[in-house]
1. Kindly rank 131-137, 92-98, 7-13, 35-41 from highest to lowest mean number of other beta carbons found within 10 Å of each residue.
2. Quick one: among Gly33, Gly67, Gly57, which has the greatest mean-square fluctuation in a GNM of the chain with alpha-carbon springs under 10 angstrom?
3. Give me the 1.4 Å probe accessible area per residue for the stretch 1-150, excluding ligands and nucleic acids, in Å².
4. Could you work out how far helix 45-55 tilts from the main Cα principal axis of the chain, as a 0 to 90 degree angle to the nearest 10?
5. Could you compute Rg(Cα) / (2.2 N^0.38 Å) for the chain, with N its residue count?
6. Counting only protein chains, not ligands or nucleic acids, how are His90, His84 ordered by accessible area (probe 1.4 Å), most first?
7. Ignoring any ligand, DNA or RNA, what whole percent of the accessible area of the stretch 27-151 comes from carbon and sulfur when the probe is 1.4 angstrom?
8. Helix 68-81: angle to the longest alpha-carbon principal axis of the chain, degrees 0 to 90, nearest 10?
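The values are calculated or read from the model by the stated rules, or taken from the named source; none is laboratory data. Because the structure is predicted, anything quoted here is derived from the model rather than measured. Heads up, the Cβs are rebuilt from the backbone with ideal geometry, glycines too, and the neighbour counts pull from every protein chain shown. Calculation scope for accessible area: heavy atoms of the full protein, side chains included, ligands and nucleic acids excluded. Shrake-Rupley method; radii C 1.70, N 1.55, O 1.52, S 1.80 Å.
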Amino acid sequence: MLVSSKHLMLASPVFKAMFRHGGFLEGNKLQSGGVVVIPFPDDDPDIFKILLNIVHGRVRQVPEKVGIDDLTGLAILVDKYQMHEVVEFHVRMWMLALQKSLPTKVDSTLLAWISVCYVFRLSAEYRQVTRLAELESCGPLGVEEEQDLPI
């Protein structure tokens, strides 16, 4: 996917550091050649595409609704690249539809919800899901593959 380094630099201090001339190899290549290809093997390409569409203002390409799995994936990328502000509007819009999906008992989505609420600074929802975890859990909340969650 062809993207603008300027957009990424404005949206993320991580990309700003990466693309700055004299910093990382990517920045030096960008300054000398104008185009640089960067692989992101650890990032979910579908989720990353949603994030890039938001950053580039391609609002018609951004889904009107997402589920907790997609929102959790976005939380991971937003936290990793420090892009909280750029996604805030979309997260609030998505949360209107997802509000009724917040868990009311300990289930397999609780840890994901804690992560989403923490990363996106959803304080009321965060209090709700962490209180649920505190009062009703009897052991570890997650499984091994959820250790990458930003909480």
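1. 7-13, 92-98, 131-137, 35-41
2. Of the options given, Gly33 has the highest mean-square fluctuation.
3. Values: 9360 Å² over 150 residues.
Roughly 62 Å² per residue, with all protein chains present.
4. 70
5. 1.17
6. His84, His90
7. On the way: 3830 of 7690 Å².
The value for the stretch 27-151 is 50 percent carbon and sulfur by accessible area.
8. 50
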